[in-house]
Structures are given as structure tokens and as C-alpha cells.
Amino acid sequence: MTAKTVLNEAHRAQGARMVDFGGWDMPINYGSQIEEHHAVRQDAGMFDVSHMTVVDLHGERVRDFLRRLLANSVDKLTEHGKALYTCMLNERGGVIDDLIVYYLGEHFFRIVVNAATREKDLAWVERQAQAFEVEVRVRDDFAMIAVQGPHAREKMIGLLAEVDRERIEAMGKFHAAAAQALHGVPLFVARTGYTGEDGFEVMVPEEHAVELWQALLDAGVRPAGLGARDTLRLEAGMNLYGQDMDEDVSPWEASLGWTVAMDEGRDFIGRGALEAQKEQGVKRRMIGLVLDEKGVLRHGQTVLTEAGEGEILSGSFSPTLGKAIAFARVPSGELGDVRVAIRNRELPVRVVKYPFVRDGKPREGI
Amino acid sequence: MSEIPGDLKFMKSHEWARLEDDGLVRVGISDHAQNQLGDLVYVELPDIGSRVGPDNGCAVVESVKAASDVYSPVNGEVVAVNDALDDSPESINEDAFGEGWIFVVRPDDKAELDELLDPEAYAQLIEDEDH
């Protein structure tokens with residue numbers, strides 16, 4: 001059974017090519033994914049991300065619960081509406097999912113997890129929540145639209161009730177707040193995203209999602225599909241769950257060490273395994289690659305290095321750079337000259353620091 | 001979906017073939033195929049003079065999304081390739097049956113064309129695929 005978001009008809013009406021994504025019937029593009037990509041880098045685009053799972057966590061001990069559940073420390077969250085990116089690990093230190101957690105009150109946090117991992121995430125969260133008497137409430141009543149690009153914020157702010165505009169305009173990155181749309185529709189507006197551009201992710205009651213989508217269209221925001229979303233996040237150096245990390249990969253091996261908080265005395269799930277791994281030396285690491293020759297780096301291709309073989313995780317043509325880029329997992333150690341096997345040929349690639357693209361432009365040296 | 005020109009023949013794997021006045025066969029991929037692949041970013045062309053046929057891939061079209069082999073609908077020798085695709089692979093997206101041609105073959109036996117799908121049969125094939 002394929003699930004449909006409330007915007008499904010709107011996508012089809014705009015001529016979207018639909019694909020199955022983690023059990024959801026979602027738009028891959030509305031014609032040209034490269035044009036959609038450029039629209040987000042240069043102006044403003046929007047994505048239906050209603051398939052993602054929003055979960056509200058309520059309870060007196062919800063902070064203690066999240067200190068245990070998440071590898072990043074919710075103790076960093078003290079300001080109302082502040083967001084944090086984190087992994088949720090298993091006991092082996094493997095990544096169950098990556099997610100964003102919002103602080104909405106001492107007894108109320110909100111998390112947003114991936115669509116493809118919904119069932120296992122909910123089962124895990126609910127199981128761990130019991131000991132803390134935390135209520136886990138799935139918010140399927142929300143649709144979500146990500147409005148992204150250098151002009152995304154101004155276009156979205158124009159659709160807000162006048163009384164809210166100044167406050168949302170002034171809201172910092174990785175913050176969220178409640179606001180009202182023009183006709184009093186209650187929204188949850190977060191200054192977050194998955195493209196490397198500024199913008200908002202907007203939660204809207206399902207029954208008002210089509211009207212918000214239409215208003216954004218009228219404001220000149222271009223619909224963009226999962227295809228553009230994938231190339232945008234890859235250029236921006238952001239991991240994709242299931243491709244760049246999974247339950248057998250630790251944050252150390254997925255360039256997510258920066259999201260792990262080893263704060264004194266906090267016993268989060270997976271901490272012991274992460275410490276042991278660090279002590280024994282992490283055997284694999286994730287790197288960025290650029291292919292200057294013609295061809296496209298793709299998931300599953302073999303990477304040849306002096307330290308041994310690795311493989312391409314996320315790989316694609318980068319519309320901003322005009323050449324292929326990728327994340328790869330390779331053995332730790334000196335890599336020497338790195339090559340990638342593409343259809344019986346071995347092509348030289350450059351190892352680079354990512355993000356590949358920042359502020360809409362290729363980073364220096366890439 | 002653009003009209004399928006009546007003078008074309010098709011493989012089930014979505015290549016088209018056009019017999020030209022000089023007896024050569026021009027080959028490309030269908031408009032339906034380019035639409036499935038999405039934005040093309042790279043085309044690997046066959047070598048001029050190489051032997052090609054329906055059993056072995058001789059060219060590769062790569063979109064942002066996927067790489068796909070291209071087969072020659074008839075056995076023969078490659079006599080021309082569309083070098084313009086090196087700089088503008090998107091020609092295939094824009095004009096699959098025209099500017100977006102990929103290579104030209106001198107066929108061993110023109111009669112092989114008769115074994116291919118005619119436009120009506122091909123239209124039926126892609127309609128069935130969509131359902």
C-alpha cells in the first residue's frame with residue numbers, strides 16, 4: 001500500500017512524476033529536477049515533506065528521557081523553540097535514525113523523524129519512553145512544506161498574519177515558533193531545512209495544506225521534487241539516512257561526530273559502544289569526492305585507495321558544480337591516489353572537504 | 001508526451017531506429033525513455049567503426065537519477081556519432097527523436113528492422129508499462 005500526502009492531487013495537477021519513496025507516493029520532479037535545483041539555489045523552491053513523521057513528547061521527565069535517547073545533548077536546549085540535530089543510536093552505537101528535536105517547554109519536546117524509518121523509530125521511542133512515563137503522540141494531523149532558497153523567507157513571511165511578520169523575520173537559524181497565516185491558520189514555522197539554503201520548514205494543519213501550497217505558488221515559489229532535494233542536500237554535505245548511515249554504522253564512521261555530545265555523566269544509549277570504538281580506533285571514515293572527468297558517481301560503486309577498498313554512499317551529478325560528487329566510506333589511514341570503478345574503468349577522483357556548495361556557490365577548491 | 005514519428009521503429013528497451021535514404025540507420029532513445037530517466041547529464045558514445053547490435057550495450061545515457069545502456073536495434077557498424085551530445089546531453093530531453101539522436105549504423109541486413117515494433121505497437125507497450 002502506498003500512502004499519499006494531502007498534497008498528492010496538487011502535485012499531479014502540476015504534472016509531477018510520482019515515485020514510491022519509503023512507502024509514500026511522492027513527486028520526484030515536476031519536469032526538470034535540475035531547474036528545480038537551481039530555483040532553490042537562486043530564488044525559492046518548496047518541497048512537500050508531509051511524509052516525515054512529527055512526534056510530540058509530553059511528560060514531567062521528558063528531558064531526562066531525551067538525555068537517554070539521543071546522542072546529542074538536549075541540555076543545549078534551554079530557549080523556547082530552539083532546535084537540535086541529533087542521532088538516535090542503538091546499544092551498538094549504530095544509527096537508528098537522525099532527527100531534529102525542538103524544545104517547546106520543560107515538559108514538551110517535538111521530534112521530526114524520517115518517513116522510511118517511521119515504524120521502527122516509533123517502536124523504539126515508545127519502548128524507551130515507558131520508563132520515563134513520557135507520552136508519545138504522533139502528529140499525523142500536520143502536513144509539512146519546506147520553503148527553501150535565498151528568497152524563501154521573504155516569500156513565506158509575506159503569507160503570515162501581519163502581527164507575526166516581524167517576529168518570524170527576526171527568528172534565528174535553527175529556531176522555531178508558532179505563527180498564523182493570513183486567514184488565521186495556525187502554523188509551526190522552523191528556520192531549518194535540508195538544502196543548505198536559508199528558509200523554513202512549515203508545519204500546517206492538514207486541512208489547510210493545499211491552500212498554503214497554492215499561496216506559495218502564487219507568491220512565486222517553485223515546486224521541487226525529491227530529485228532536487230537529494231542533489232541539494234548532497235551538495236550541502238548533509239547525510240541521508242539509509243544511504244550514508246544505518247544501524248551498522250556509528251556516527252564516527254558517518255562524519256556525524258559533531259552531533260555526539262560526550263557530556264559528563266550522561267548515559268545515552270550507545271555511548272559505551274562509541275567510547276569503545278574510539279578507544280580501539282575507528283576503522284572507517286566518510287569522505288567527500290569530486291569526479292572531474294565525465295561520468296556520474298553513484299551509490300554502490302567501488303572506491304579504490306591505498307588503504308583498501310571503500311564504497312560510494314550517496315553519489316550524484318551536482319547541478320551547481322556541473323560534475324559528479326559523492327560521499328564515500330573508506331578505510332581509515334593514508335588513502336593515496338583515489339579512484340572509482342565505473343563500468344570497467346577506473347576514474348581518478350579528488351578527496352575534498354564538504355559541503356561542496358555554500359551560499360549558492362561552489363566552495364573554494366572544489 | 002510528444003507525437004511518435006511514423007517512420008520510426010522501436011526496441012522494447014526504448015531505442016528508436018530510422019532508416020534513412022542512404023540506407024543507414026539512425027538510432028536514439030524514445031521520448032518516453034528520456035522522460036523516465038529525467039535530466040540527462042552525460043552520454044557515452046560508441047566508437048566509430050565499432051560493431052554493434054541488439055545483444056550488447058554500445059552507448060550509455062546517464063541522467064541525474066540513473067545510468068542506462070543503449071543498444072543498437074540492428075547489427076552493423078557505427079559510422080557516425082552525435083558529438084554535440086558531449087556538450088549538450090539535454091538535447092535528448094528536448095528533442096529525443098531529432099537533435100537528440102545518438103549514433104548511425106551501417107546495417108548488415110536492413111530486414112532486421114522488420115522485427116522491431118512499429119509506432120502503434122510501441123505506443124501500446126508504453127501505455128501498458130504505465131499501468
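Tabulated values for the structure
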| read-out | value |
| --- | --- |
| Among the candidates A:L274, A:L335, A:L297, A:L313, residue that is under 25 Å from A:W252 (Cβ atoms) and in a strand (DSSP E or B) | A:L313 |
| Options A:L321, A:L256: the member that is farther than 20 Å from A:D98 by Cα and either away from chain B (no Cβ under 14 Å) or at pLDDT 95 or above (or both) | A:L321 |
| Which numbered condition A:R298 misses (of (1) of a type outside the set (V, I, T); (2) within 14 Å of another protein chain (Cβ to nearest Cβ); (3) under 23 Å from A:G193 (Cα atoms)) | (3) |
| Considering residues of the range A:316-332 that are among the hydroxyl-bearing types (S, T, Y) and assigned to a strand (DSSP E or B) only, the residue surrounded by the fewest Cβ atoms within 10 Å (Cβ to Cβ) | A:S316 |
| Near pairs, Cβ below 8 angstrom, 6+ apart or cross-chain, from the range B:83-96 (within 13 Å of another protein chain (Cβ to nearest Cβ)) to any residue that is assigned to a helix (DSSP H, G or I) and among the β-branched types (V, I, T) | B:L85/B:I92 |
| 2 or more residues open to solvent by 10 Å² or more (accessible area, probe 1.4 Å) and in contact with a helix residue (DSSP H, G or I) (Cβ under 6 Å, 6 or more places away or on another chain): qualifying helices (runs of 4 or more DSSP H) within the range A:129-219 | A:162-170 |
| Answer residue from the range B:26-46, given it is touching a residue at least 24 places away in the same chain (Cβ under 8 Å) and assigned to a helix (DSSP H, G or I) and is nearest to the other protein chains (Cβ to nearest Cβ) among those | B:N35 |
| Set A:G281, A:G288: member being over 30 Å from B:D86 (Cα atoms), touching a residue at least 40 places away in the same chain (Cβ under 8 Å) and open to solvent by less than 40 Å² (accessible area, probe 1.4 Å) | A:G281 |
| Residues located in the range B:61-80, provided they are closer than 28 Å to A:L321 by Cβ and more than 12 Å from the chain's Cα centre (by Cα) | B:E62, B:S63, B:V64, B:K65, B:A66, B:A67 |
| So A:G270, is it away from every other protein chain (no Cβ under 14 Å), buried (at least 19 other Cβ atoms within 10 Å of the Cβ), on the phi > 0 side of the Ramachandran plot and over 21 Å from the mean Cα position of the chain (by Cα) | yes |
| Close pairs (6 angstrom Cβ cut-off, 6 or more residues apart or separate chains): not assigned by TED's automatic domain parsing to the domain that holds A:I312 and of a type outside the set (A, V, I, L, M) in the range A:348-366, in a loop (DSSP other than H, G, I, E, B) and open to solvent by 20 Å² or more (accessible area, probe 1.4 Å) anywhere | none |
| Among residues of the range B:15-34, those that are touching a helix residue (DSSP H, G or I) at 6+ places or on another chain (Cβ under 8 Å) and open to solvent by 30 Å² or more (accessible area, probe 1.4 Å), counted | 1 |
| Hits in the range A:18-34 - residues which are in contact (Cβ under 8 Å) with a residue 12 or more places away in the chain and at the interface with chain B (Cβ under 10 Å from one of its Cβ atoms) | A:V19, A:I28, A:N29, A:G31, A:Q33, A:I34 |
| Scan of the range A:243-256 for residues that are touching a Lys or Arg at 6+ places or on another chain (Cβ under 9 Å) and surrounded by fewer than 21 Cβ atoms within 10 Å (Cβ to Cβ), ordered by number | A:E247, A:D248, A:V249, A:W252, A:S255 |
| Number of the condition not met by B:A96 [criteria: (1) part of a strand (DSSP E or B); (2) touching a Ser or Thr at 6+ places or on another chain (Cβ under 8 Å)] | (1) |
| Residue check for A:G242: out of contact with any helix residue (DSSP H, G or I) (no Cβ under 9 Å at 6 or more places or on another chain), farther than 17 Å from A:H37 by Cα and in contact (Cβ under 8 Å) with a residue 60 or more places away in the chain | yes |
| Test result for A:L104, modelled with pLDDT of 95 or more and either farther than 19 Å from A:F47 by Cβ or assigned by TED's automatic domain parsing to the domain that holds A:E201 (or both) | yes |
| Some residue of the range B:47-57 being within 12 Å of chain A (Cβ to nearest Cβ), surrounded by 17 or more Cβ atoms within 10 Å (Cβ to Cβ) and among the small types (G, A, S) | no |
| Odd one out for B:E77, checked against (1) open to solvent by less than 10 Å² (accessible area, probe 1.4 Å); (2) part of a strand (DSSP E or B); (3) away from chain A (no Cβ under 14 Å) | (1) |
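To keep it simple, each residue is scored yes or no on (1) touching a strand residue (DSSP E or B) at 6+ places or on another chain (Cβ under 7 Å); (2) under 21 Å from A:I34 (Cβ atoms); (3) among the charged types (D, E, K, R).
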{"residue": "B:L24", "(1), (2), (3)": "yes, no, no"}
{"residue": "B:V27", "(1), (2), (3)": "yes, no, no"}
{"residue": "B:A33", "(1), (2), (3)": "no, yes, no"}
{"residue": "B:G49", "(1), (2), (3)": "yes, no, no"}
{"residue": "B:D55", "(1), (2), (3)": "no, no, yes"}
{"residue": "B:D69", "(1), (2), (3)": "yes, no, yes"}
{"residue": "B:P73", "(1), (2), (3)": "yes, no, no"}
{"residue": "B:G76", "(1), (2), (3)": "yes, no, no"}
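The values are calculated or read from the model by the stated rules, or taken from the named source; none is laboratory data. Just so you know, these numbers come straight off a predicted model, no measurement behind them. Quick reminder, even Gly has a Cβ in these numbers, built from the backbone with ideal geometry, and neighbours come from all protein chains shown. Side chains included, ligands, DNA and RNA excluded: accessible areas come from the protein's heavy atoms. Shrake-Rupley method; radii C 1.70, N 1.55, O 1.52, S 1.80 Å.
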